[in-house]
Amino acid sequence: MKGESVLKNRKWLLLLGIAVFFVICILGVLGSYYAFKKTCFRVDYLGIGISEDATWNEYQKFCDAYRLLHTQNETVKIYANDGTELVGHFYEKNEDAPVIIFFPGYRGNYAVCGVPFYKVAQRLNWNVLLVRHRAEGESGGQYSTLGAKEKEDCKEWVEWTIQRFGEDCSIYLGGLSMGASYILQACDSLPTSNVRGIVSDCGFARPLDIIDGGTKEKLPKYIPIQAWNIFLEGGTRLYGGFSVKQIDAQKAIQNTSIPILFLHSDTDRLAPISEIESYCNSDIKKLVIISGADHGKSYVTDPELYMEALMDFFKECQAQ
């Protein structure tokens, strides 16, 4: 009787263990899908908006963005390596002039994010292409890959520009936040004979770092950020076919021979300036600090310094 009781208990423990295992697996799958959906899935916004407590500079930028949205331009469509349709808005000023290609921030409106680069192109009488990332706006795709595929999209836009304006055309790339990260990931594999300079506004090397910062503020205190990272890594692998942990632009930044202008704030909590400072150890990497700006707010914090830095950088690179 005692042996039968022990055997019976073991069976129940085995069944309980199997049940717990399946529950953990189900929770892992559901958690991974939720993290992937929240972070990467397409979210389309209608138009642009401004908060009631906006500063004068933010209001001015809003007005500029509104005018930019209604400025005549050419809608350009290309296809990524995986067949995803990508859309950009091209503003041509001079067929023989350089082209600035701008990549907006994470789920950011191309007109709002691209205002300073459009204004610089106007002053220089250059051309500017404001692109829309995959899974955003008119571009196709159901989810962002946080740079795994977007860095290749950058190369496709450069290739389109070369085909449009010829092998001798000068190209400059600019990006805000995640858009800058995409460029930095690709910067060591861009054609140096055409790409003359790169501008990174509050850019970063590892998307996971900035996701940590943004998520930590939103998660309840009892949920550790490490748990979210595990779910997100599982989600990107299971549903996106890439690993967010492996996305890192550090080597590309160190290996590129293309001049880079880093525009960064000394009070950026999401993308600390300390990382950017470690890259500025050569003559071709320059750092301009916009004091007191939040992440993505450097232009509206000090538009004069921001525009001066852009103008000086573009002119210097073009003169070389």
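For the range 254-271, backbone phi angles converted through the Karplus equation (6.51, -1.76, 1.60; θ = phi - 60°) give residue-by-residue couplings of 5, 8, 6, 9, 7, x, 10, 9, 9, 9, 8, 9, 7, 10, 6, 7, 7, 10 Hz, Gly and Pro being listed as x. Rolling a 1.4 Å probe across the protein heavy atoms gives the chain an accessible surface of 51 Å² per residue. Counting protein heavy atoms only, the range 38-84 has 50 percent of its accessible area on carbon and sulfur, 1.4 angstrom probe. Using heavy atoms of the protein chains and a probe of 1.4 Å, the accessible area assigned to residue 92 is about 90 Å².
Roll a 1.4 angstrom probe over the protein heavy atoms and tell me the percent of accessible area of the range 131-212 that is carbon or sulfur. Each step should come with its number before you reach the end.
Details: 940 of 2320 Å².
Roughly 40 percent, rounded to a whole number.
Computed on the Cα atoms alone, the convex hull of the range 265-320 gives a volume of 72 cubic angstrom per residue. Here the range 250-320 has 46 percent of its accessible surface on carbon and sulfur atoms, given a 1.4 Å probe and all protein chains in place.
Angle of helix 110-124 to the longest C-alpha principal axis of the chain, folded into 0 to 90 degrees and rounded to 10: 20°. GNM on the chain, alpha-carbon springs under 10 angstrom: the most fluctuating residue among 203, 240, 292 is 292.
Checking [x] 66, 46, 30; [y] 94, 42, 41; [z] 56, 45, 41 against Cα extents along the principal axes in Å calculated from these atoms, the matching label is [y].
For a quick protection proxy, order the peptides 62-73, 96-107, 189-200, 170-181 by their average other-Cβ count within 10 Å, most packed first.
Values: 62-73: 14.7, 96-107: 22.5, 189-200: 20.5, 170-181: 27.0.
Per-residue mean Cβ counts within 10 Å order the peptides as 170-181, 96-107, 189-200, 62-73.
In this structure, the amide hydrogen of residue 262, modeled 1.01 Å from its nitrogen in the peptide plane, lies closer than 5 angstrom to those of 200, 286, 287, 288, counting only residues at least 5 positions away or on a different chain.
Taking Lys and Arg as +1 and Asp and Glu as -1, the other residues whose beta-carbon sits under 11 Å from that of residue 316 total +2.
In order along the range 305-318, phi translates into HN-Hα couplings of 5, 4, 5, 4, 5, 5, 4, 4, 5, 5, 5, 5, 5, 5 Hz, rounded to whole numbers, per the Karplus curve 6.51 cos²θ - 1.76 cosθ + 1.60 with θ = phi - 60° and x for Gly and Pro.
Between the helical axis of 2-40 and the longest alpha-carbon principal axis of the chain there is an angle of about 10 degrees. In whole Å, how far is the Cα centre of the range 39-113 from that of the range 131-167? Computed from Cα coordinates, the inter-centre distance equals 13 Å.
The values are calculated or read from the model by the stated rules, or taken from the named source; none is laboratory data. As the structure is a prediction and not an experimental result, all values here were calculated from the model. FYI the Cβ positions are ideal-geometry reconstructions off the backbone, even for glycines, and counts take in every protein chain you see. For the accessible areas, the whole protein counts, side chains as well, though only heavy atoms, and no ligand, DNA or RNA atoms are used. Shrake-Rupley method; radii C 1.70, N 1.55, O 1.52, S 1.80 Å.
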